[in-house]
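A quick write-up on the structure given underneath.
Laboratory data are not the source of any read-out in this text; all were calculated from the coordinates shown. Fair warning: this is a prediction, and the values are worked out from it, not measured in the lab. For neighbour counting, all protein chains shown are included, and Cβ atoms are generated from backbone atoms with ideal geometry for every residue, glycine included.
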Amino acid sequence: MTRLLAPLLAFAACAFAADPAPAPPPAPLDFIDTSFENASPLWYEFAPDGTVIVNLNYDQERLSPNRAAGHFHFRIQAAKGRRVTLELRNLANVWNSKAGSVAKEIRQVVVSEDGRSWTPVPTVFPEPDRVLVTLEMPGPSLFVARAEPYRVSDLNRFLDEVRKSPLVKITPIGKTVQGREIEIIRIGNDDAPNHVFIRARAHPWEPVGNWVTEGLVRRLLKGDADAERFLERYNVCILPMANKDGVERGGTRFNLGGWDLNRKWDKPADPKLAPENAALEHWLEGEIKAGRRPTFAMDLHNDGNGMLHISRPDTPDIDAYLARMARFEQCLRDHTWFTVGSTKPGFHNPGTLGEGWFSRFGIDAVILEFNCNYIEGLKQPAMGRHWVTFGEGLAKAFEAYFAAK
C-alpha cells in the first residue's frame with residue numbers, strides 16, 4: 001500500500017507546487033490619513049476594480065431626523081505617479097426633514113500636496129448619488145477637500161496679526177460646547193453712524209465666511225483714504241467662527257450638542273445645547289442696550305448654488321425692509337463679483353439668523369450663500385483667494401449701501 005500511495009503523494013505535491021494561489025492585486029493606495037486638524041470622519045474600502053470607496057460619516061441633529069455628510073478633508077498616501085479613483089458615498093442627507101442628496105452639489109474637489117496651495121479638480125457623476133474623482137499622485141501624499149480649508153489654527157494666526165492694529169478690538173463672548181473660546185472682532189469706531197455684524201462658520205464645512213471676512217478686515221485696515229472713509233460711515237463686528245468644535249473635528253452642519261446654529265433664531269437660544277448661539281444672543285442684547293444695535297447683519301454660508309436669502313416674514317414694515325435689501329443687492333452687484341440673485345417672493349425661514357434677527361430684534365439681516373464649486377461672476381472655480389476678493393469689495397458695497405439711506 002505504501003508503494004502505491006507514494007507516487008500519488010508525489011504527484012499531488014508537484015501539482016500544488018506548480019499551481020500556487022494567485023497573489024492578491026495591489027491595493028490602490030497605502031492609507032487615508034484623517035489624523036489632522038479639520039479632517040473628516042470617514043471609513044474606506046476597495047472595490048474589485050480598484051476604486052477607493054470613501055464612506056463619509058453623518059452629523060445628526062438632536063430631536064430631529066436631519067443628518068448631514070458633506071464635509072470631506074483627508075490625505076491620501078500612495079506611490080508617486082499612481083492614479084487613484086475615489087468614490088464618495090453617504091451623501092443622502094436629510095435637510096429640514098426632507099430627504100435629499102448633496103451629491104449633485106459636489107462638482108469639484110480641491111487638492112494640495114502641502115495642505116496650503118490648492119488646485120481644483122472636477123468630479124464626474126455616473127449615477128445621481130455617486131461622485132467620482134480620479135487623481136494622479138504628484139508625490140507620496142495628497143490632501144483632498146471639498147472646499148479650500150480654513151482651520152481654527154488659520155483663524156488664530158489671523159487674530160494674532162490683526163489684534164496689533166489700534167482699530168481692532170477682539171473680545172471673548174463665550175465658549176463652545178467643548179469649551180473653545182468664541183470671540184468678536186470689532187473694527188473701527190463705536191461712534192460710527194452704522195454698525196455691521198457678520199457671522200461666519202455656523203456650519204463647519206462652509207469655509208467661505210472666514211475667507212470673506214479676512215478680505216474685508218484687511219481692506220478696512222489698509223490705512224488709505226478709502227478705508228478711512230469706510231470707517232467714518234460704519235464699523236464692523238465679526239463672529240469669525242461660530243462652530244469652532246465642528247471645524248476642529250471635521251463636522252458638516254451641527255454643533256456638538258446636535259444643534260443647527262442657523263436654526264431656531266425665532267426663540268431664545270438654549271445655553272446648554274447651543275452655548276454658541278446663547279453667547280451671541282447675550283452679546284447682541286448688550287450691544288442694543290449700549291445703543292449699538294446692528295444696522296445690518298449678514299450670515300455667510302456655502303452650498304452648491306449660491307444665493308442671497310431674503311426672508312419675508314409677515315410684519316407691518318416688510319415692504320420697507322425689502323426695498324432696503326433690494327438696494328443692498330444692487331450694491332453687491334456694483335462693487336463685488338456677486339451675480340447669482342436673491343430668493344423669490346414668498347421665501348420664509350423663521351429659524352435662520354436672517355429672519356430671526358429681523359423679526360425679534362428689528363435688525364435688517366440676510367443670509368448670503370456662496371457656490372462652493374464655481375463663481376459665475378468671475379467664470380472661475382471657487383477658491384479662497386476669490387472669496388477674499390469678495391470681502392475686499394464688500395467694504396465698498398457697505399459704504400454705498402449706507403450712503404444711499
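Residues whose amide H falls under 5 Å from that of I198, counting only those 5 or more places apart or on a different chain, are C237, I238, L239, M298, with hydrogens built in the peptide plane. Between [x] 0.95; [y] 1.12; [z] 1.00, which entry matches Rg/Rh (Cα atoms, Kirkwood Rh) as derived from the coordinates of this structure? Among [x] 0.95; [y] 1.12; [z] 1.00, the one derived from this structure is [y].
Considering only alpha-carbon pairs that sit under 8 angstrom and 6 or more positions apart, the relative contact order computed for the stretch 51-154 is 32 percent.
Per-residue 3J(HN,Hα) values for the stretch 178-185, derived from phi via the Karplus relation 6.51 cos²θ - 1.76 cosθ + 1.60 with θ = phi - 60°, read 8, x, 6, 6, 9, 10, 10, 9 Hz in sequence order (x marks Gly and Pro). Counting every other Cβ atom within 10 Å of each residue's Cβ, D226, D245 order from fewest to most as D226, D245. Rounded to the nearest 500, the helix-only mean residue ellipticity at 222 nm of the chain stands at -9500 deg cm²/dmol, with each DSSP H run of n ≥ 4 adding -39,500 (n - 2.57). Shown here: the stretch 267-334, whose C-alpha atoms stretch 39, 34, 25 Å along the first, second and third principal axes, sorted largest to smallest.
Overall, the chain carries a charge dipole of about 100 debye about its Cα centre when +1 sits on the Cβ of Lys and Arg and -1 on the Cβ of Asp and Glu, all other atoms neutral. For the cross-link pairs K80/K104; K244/K264; K267/K344; K164/K405; K264/K405, the ones whose C-alpha atoms lie over 27 Å apart are K80/K104; K164/K405; K264/K405. Between V340, H386, S64, the Cα set farthest toward the positive side of the dipole of the chain (charges on each charged residue's Cβ, about the Cα centre) is that of S64.
Please give the charge dipole size of the stretch 224-335, origin at the Cα centre, charges +1 on K and R Cβ atoms and -1 on D and E Cβ atoms. Round to the nearest 20 debye. Intermediate results must be reported in sequence, preceding the final value.
Details: 16 positive and 20 negative charges, 44 e Å.
Dipole of the stretch 224-335, to the nearest 20 debye: 220 debye.
For the chain, with the dipole built from +1 on Lys and Arg beta-carbon atoms and -1 on Asp and Glu ones, taken about the Cα centre, which of L155, Y234, L256 lies farthest toward the positive end? Checked the options; the winner is L256. 3J(HN,Hα) couplings calculated from phi for the stretch 123-128 with the Karplus curve 6.51 cos²θ - 1.76 cosθ + 1.60 (θ = phi - 60°) are, in sequence order, 9, 10, 10, x, 9, x Hz; Gly and Pro show x. Considering only chymotrypsin sites (Phe, Trp or Tyr not before Pro) in DSSP loops that have at most 14 other Cβ atoms within 10 Å, the longest stretch of the chain without any of them is 37-346.
Between I375 and Q380, A382, the built amide H atoms are under 5 Å apart, and every one of these is 5 or more places off in sequence or on another chain. Karplus-based coupling profile of the stretch 397-403, in residue order and whole Hz: 4, 4, 4, 4, 4, 6, 5, with θ = phi - 60° in 6.51 cos²θ - 1.76 cosθ + 1.60 and x standing for Gly or Pro. Taking the DSSP bridge list for the chain and keeping only pairs wholly inside it, about 65 percent are antiparallel. The largest-to-smallest principal axis extents of the Cα set in the stretch 12-159 are 70, 38, 26 Å.
As a footprinting exposure proxy, order R186, R82 by other Cβ within 10 Å, with the fewest listed first.
Numbers: R186 18, R82 15.
Ranking R186, R82 by Cβ neighbours within 10 Å, fewest first, gives R82, R186.
Going from the residue with the fewest nearby Cβ atoms within 10 Å to the one with the most, T252, T295 rank T295, T252. About its Cα centre, the stretch 200-254 has a charge dipole of approximately 120 debye under the convention of +1 per Lys or Arg Cβ and -1 per Asp or Glu Cβ, with nothing else charged. Residues whose amide H falls under 5 Å from that of I363, counting only those 5 or more places apart or on a different chain, are F358, with hydrogens built in the peptide plane.
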